[in-house]
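The values are calculated or read from the model by the stated rules, or taken from the named source; none is laboratory data. Because the structure is a prediction, the values reported are computed rather than measured. Note: ideal-geometry Cβ built from the backbone for every residue, glycine included; neighbour counts use all protein chains shown. We work out accessible area using only protein heavy atoms, side chains counted, and drop any ligands, DNA or RNA first. Shrake-Rupley method; radii C 1.70, N 1.55, O 1.52, S 1.80 Å.
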Amino acid sequence: MSERPRLTVLSGPSGVGKSTVVAHMRKEHPEVWLSVSATTRKPRPGEKHGVQYFFVTDEEMDKLIANGELLEWAEFAGNRYGTPRSAVLDRLEAGEPVLLEIDLQGARLVRESMPEAQLVFLAPPSWDELVRRLTGRGTESPEVIARRLDAAKVELAAEAEFDTTLVNTSVEDVARELLALTKVL
(Lines give C-alpha, C1' and ligand atoms only; values in the text may rest on other atoms or scores of the structure.)
Protein backbone atom coordinates (compact mmCIF):
# COMPACT_ATOMS: atom_id res chain seq x y z
CA MET A 1 0.00 0.00 0.00
CA SER A 2 1.34 3.44 -0.84
CA GLU A 3 2.04 5.85 1.95
CA ARG A 4 -0.37 8.71 2.21
CA PRO A 5 -0.70 11.68 4.53
CA ARG A 6 -3.04 11.44 7.45
CA LEU A 7 -4.92 13.78 9.67
CA THR A 8 -2.81 14.69 12.70
CA VAL A 9 -4.52 16.36 15.65
CA LEU A 10 -2.37 18.40 18.03
CA SER A 11 -3.94 19.11 21.38
CA GLY A 12 -2.86 19.93 24.90
CA PRO A 13 -3.58 22.39 27.66
CA SER A 14 -4.04 26.08 26.98
CA GLY A 15 -0.69 27.88 27.13
CA VAL A 16 1.44 24.80 26.39
CA GLY A 17 2.74 26.36 23.16
CA LYS A 18 0.68 24.63 20.45
CA SER A 19 0.53 27.72 18.21
CA THR A 20 4.24 28.43 18.63
CA VAL A 21 5.23 24.86 17.69
CA VAL A 22 2.88 24.83 14.69
CA ALA A 23 4.10 28.24 13.45
CA HIS A 24 7.73 27.08 13.68
CA MET A 25 7.02 23.84 11.84
CA ARG A 26 5.04 25.54 9.06
CA LYS A 27 7.71 28.18 8.53
CA GLU A 28 10.11 25.35 7.62
CA HIS A 29 7.47 23.07 6.03
CA PRO A 30 4.56 25.02 4.54
CA GLU A 31 3.38 21.85 2.74
CA VAL A 32 1.74 20.69 5.97
CA TRP A 33 -1.72 22.23 5.78
CA LEU A 34 -3.03 23.69 9.03
CA SER A 35 -6.80 23.73 9.22
CA VAL A 36 -8.11 27.17 10.12
CA SER A 37 -10.85 27.00 12.74
CA ALA A 38 -13.96 29.13 12.90
CA THR A 39 -14.47 30.92 16.22
CA THR A 40 -16.91 33.28 17.88
CA ARG A 41 -13.99 34.77 19.85
CA LYS A 42 -12.96 38.33 19.03
CA PRO A 43 -9.58 38.67 17.29
CA ARG A 44 -6.51 39.30 19.45
CA PRO A 45 -4.14 42.07 18.30
CA GLY A 46 -2.43 41.03 15.07
CA GLU A 47 -4.83 38.19 14.24
CA LYS A 48 -6.34 38.22 10.75
CA HIS A 49 -9.62 36.69 9.52
CA GLY A 50 -8.88 33.55 7.52
CA VAL A 51 -5.29 33.29 8.78
CA GLN A 52 -5.38 32.42 12.50
CA TYR A 53 -9.16 31.90 12.56
CA PHE A 54 -12.33 32.55 10.64
CA PHE A 55 -14.01 35.00 13.01
CA VAL A 56 -17.76 34.40 12.87
CA THR A 57 -20.85 35.63 14.69
CA ASP A 58 -22.90 33.39 16.98
CA GLU A 59 -25.55 33.17 14.27
CA GLU A 60 -23.00 32.07 11.64
CA MET A 61 -21.62 29.44 14.03
CA ASP A 62 -25.16 28.16 14.73
CA LYS A 63 -25.63 27.68 10.97
CA LEU A 64 -22.31 25.83 10.51
CA ILE A 65 -23.22 23.46 13.36
CA ALA A 66 -26.82 22.92 12.19
CA ASN A 67 -25.69 22.14 8.63
CA GLY A 68 -23.09 19.59 9.79
CA GLU A 69 -20.30 21.66 8.24
CA LEU A 70 -17.92 21.23 11.18
CA LEU A 71 -15.76 18.15 11.79
CA GLU A 72 -15.83 19.08 15.46
CA TRP A 73 -16.77 22.04 17.57
CA ALA A 74 -16.53 22.96 21.22
CA GLU A 75 -17.14 25.80 23.62
CA PHE A 76 -14.14 27.05 25.57
CA ALA A 77 -13.79 30.03 27.90
CA GLY A 78 -17.15 31.39 26.72
CA ASN A 79 -16.43 31.13 22.98
CA ARG A 80 -17.11 28.45 20.38
CA TYR A 81 -14.49 26.99 18.05
CA GLY A 82 -14.95 24.55 15.17
CA THR A 83 -13.13 22.87 12.29
CA PRO A 84 -14.66 23.24 8.79
CA ARG A 85 -15.12 19.64 7.55
CA SER A 86 -14.93 20.01 3.76
CA ALA A 87 -11.54 21.78 3.69
CA VAL A 88 -9.93 19.01 5.78
CA LEU A 89 -11.38 16.20 3.63
CA ASP A 90 -10.42 17.99 0.38
CA ARG A 91 -6.78 18.37 1.45
CA LEU A 92 -6.48 14.75 2.62
CA GLU A 93 -8.04 13.59 -0.66
CA ALA A 94 -5.44 15.65 -2.53
CA GLY A 95 -2.69 13.80 -0.65
CA GLU A 96 -1.63 16.67 1.61
CA PRO A 97 -0.77 16.15 5.28
CA VAL A 98 -3.34 17.96 7.42
CA LEU A 99 -2.76 19.26 10.93
CA LEU A 100 -5.49 20.34 13.34
CA GLU A 101 -4.56 22.35 16.41
CA ILE A 102 -7.56 21.99 18.70
CA ASP A 103 -8.65 21.52 22.30
CA LEU A 104 -9.35 18.27 24.14
CA GLN A 105 -13.10 18.24 23.41
CA GLY A 106 -12.38 18.73 19.72
CA ALA A 107 -9.75 15.98 19.67
CA ARG A 108 -12.26 13.56 21.20
CA LEU A 109 -14.87 14.45 18.58
CA VAL A 110 -12.36 13.96 15.74
CA ARG A 111 -11.44 10.55 17.18
CA GLU A 112 -15.15 9.60 16.99
CA SER A 113 -15.71 10.82 13.44
CA MET A 114 -12.27 9.91 12.02
CA PRO A 115 -10.82 7.02 14.06
CA GLU A 116 -7.80 6.82 11.71
CA ALA A 117 -6.66 10.30 12.79
CA GLN A 118 -3.50 10.45 14.85
CA LEU A 119 -3.89 12.30 18.14
CA VAL A 120 -0.78 14.02 19.52
CA PHE A 121 -0.71 15.48 23.03
CA LEU A 122 1.59 18.44 23.65
CA ALA A 123 2.59 18.45 27.32
CA PRO A 124 4.34 21.21 29.26
CA PRO A 125 7.74 20.49 30.84
CA SER A 126 6.07 21.08 34.23
CA TRP A 127 2.91 22.49 35.82
CA ASP A 128 4.85 25.55 37.06
CA GLU A 129 6.00 26.31 33.52
CA LEU A 130 2.42 26.07 32.24
CA VAL A 131 1.22 28.49 34.94
CA ARG A 132 4.05 30.88 34.02
CA ARG A 133 3.09 30.78 30.32
CA LEU A 134 -0.61 31.30 30.98
CA THR A 135 -0.12 34.23 33.33
CA GLY A 136 2.69 35.75 31.24
CA ARG A 137 0.55 36.38 28.14
CA GLY A 138 -0.87 39.55 29.67
CA THR A 139 -3.84 39.43 27.29
CA GLU A 140 -6.46 37.96 29.61
CA SER A 141 -8.22 38.84 32.84
CA PRO A 142 -7.49 36.95 36.09
CA GLU A 143 -10.91 35.23 35.77
CA VAL A 144 -10.08 33.91 32.28
CA ILE A 145 -6.63 32.78 33.46
CA ALA A 146 -8.22 30.94 36.39
CA ARG A 147 -10.66 29.20 34.00
CA ARG A 148 -7.78 28.24 31.71
CA LEU A 149 -5.78 26.79 34.63
CA ASP A 150 -8.78 24.75 35.79
CA ALA A 151 -9.29 23.50 32.23
CA ALA A 152 -5.56 22.70 31.95
CA LYS A 153 -5.79 20.32 34.94
CA VAL A 154 -8.58 18.40 33.18
CA GLU A 155 -6.71 18.46 29.86
CA LEU A 156 -3.48 17.15 31.42
CA ALA A 157 -5.42 14.26 32.95
CA ALA A 158 -6.55 13.19 29.44
CA GLU A 159 -3.03 12.58 28.11
CA ALA A 160 -3.54 8.79 28.09
CA GLU A 161 -6.29 9.15 25.44
CA PHE A 162 -3.72 10.26 22.86
CA ASP A 163 -1.58 8.14 20.53
CA THR A 164 1.63 10.08 21.19
CA THR A 165 2.87 12.63 23.72
CA LEU A 166 5.45 15.28 22.93
CA VAL A 167 6.88 17.36 25.80
CA ASN A 168 7.43 20.98 24.83
CA THR A 169 10.94 21.53 26.16
CA SER A 170 12.25 22.86 22.83
CA VAL A 171 10.06 24.36 20.11
CA GLU A 172 12.54 23.26 17.41
CA ASP A 173 12.66 19.64 18.63
CA VAL A 174 8.90 19.32 19.07
CA ALA A 175 8.24 20.90 15.66
CA ARG A 176 10.61 18.36 14.06
CA GLU A 177 8.94 15.43 15.87
CA LEU A 178 5.48 16.69 14.93
CA LEU A 179 6.51 17.03 11.28
CA ALA A 180 7.70 13.41 11.22
CA LEU A 181 4.35 12.30 12.66
CA THR A 182 2.30 14.14 9.99
CA LYS A 183 4.02 12.51 7.05
CA VAL A 184 2.59 9.04 6.46
CA LEU A 185 -0.13 6.57 7.27
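At a probe radius of 1.4 angstrom, the accessible area of the chain per residue rounds to 52 square angstrom. Toward the positive end of the charge dipole of the chain, about the Cα centre and with charges on Cβ (Lys, Arg +1; Asp, Glu -1), which of Leu149, Pro84, Val110 goes farthest? With unit charges placed on the Cβ atoms, the residue in question is Leu149. Charges on Cβ only, +1 for Lys and Arg, -1 for Asp and Glu, centred on the Cα centroid of region 23-88; of Met61, Val36, Val51, which one is farthest towards the dipole's positive end? Final value for the positive-end residue is Val51. Where the centroid of each part is defined by its Cα atoms, how far is region 1-52 from region 79-106 in Å? Rounded to whole Å, the Cα centres lie 9 Å apart.
The 3J(HN,Hα) values that the Karplus relation (6.51, -1.76, 1.60; θ = phi - 60°) gives for region 155-172 are, in residue order, 5, 5, 5, 8, 3, 5, 6, 9, 6, 9, 10, 10, 9, 7, 8, 9, 4, 4 Hz. Gly and Pro appear as x. Listed values for region 120-125 are Karplus-derived 3J(HN,Hα) couplings in whole Hz (6.51 cos²θ - 1.76 cosθ + 1.60, θ = phi - 60°), namely 10, 9, 9, 9, x, x, and x replaces Gly and Pro. For region 101-115, the Karplus equation 6.51 cos²θ - 1.76 cosθ + 1.60, evaluated at θ = phi - 60°, returns couplings of 10, 9, 7, 4, 4, x, 4, 5, 5, 5, 4, 5, 8, 9, x Hz by residue, with Gly and Pro reported as x. When the alpha-carbon atoms of region 29-116 are used, the pair Rg, Dmax equals 12.9, 36 angstrom. From the largest down, the chain spans 51, 40, 30 angstrom on the principal axes of its Cα atoms. Take every pair of alpha-carbon atoms less than 8 Å apart whose residues are at least six positions apart; their mean separation over the length of the chain yields a relative contact order of 38 percent. What fraction of the DSSP beta bridges in region 1-106 is antiparallel, stated in percent and rounded to the nearest 5? DSSP beta bridges in region 1-106 are roughly 45 percent antiparallel. Under the convention that each Lys and Arg Cβ holds +1 and each Asp and Glu Cβ holds -1, the size of the dipole of the chain around its Cα centre is about 400 debye. Using only side-chain charges placed at the Cβ, +1 for Lys and Arg and -1 for Asp and Glu, the dipole size of region 1-111 relative to its Cα centre rounds to 280 debye. Straight-line reach from Lys183: taking Cα to Cα under 22 Å and skipping same-chain neighbours fewer than 8 places apart, the lysines in range are Lys18, Lys27.
Expressed as a whole percentage, what fraction of the accessible surface of the chain belongs to carbon and sulfur atoms when a 1.4 Å probe is rolled over the protein heavy atoms?
53
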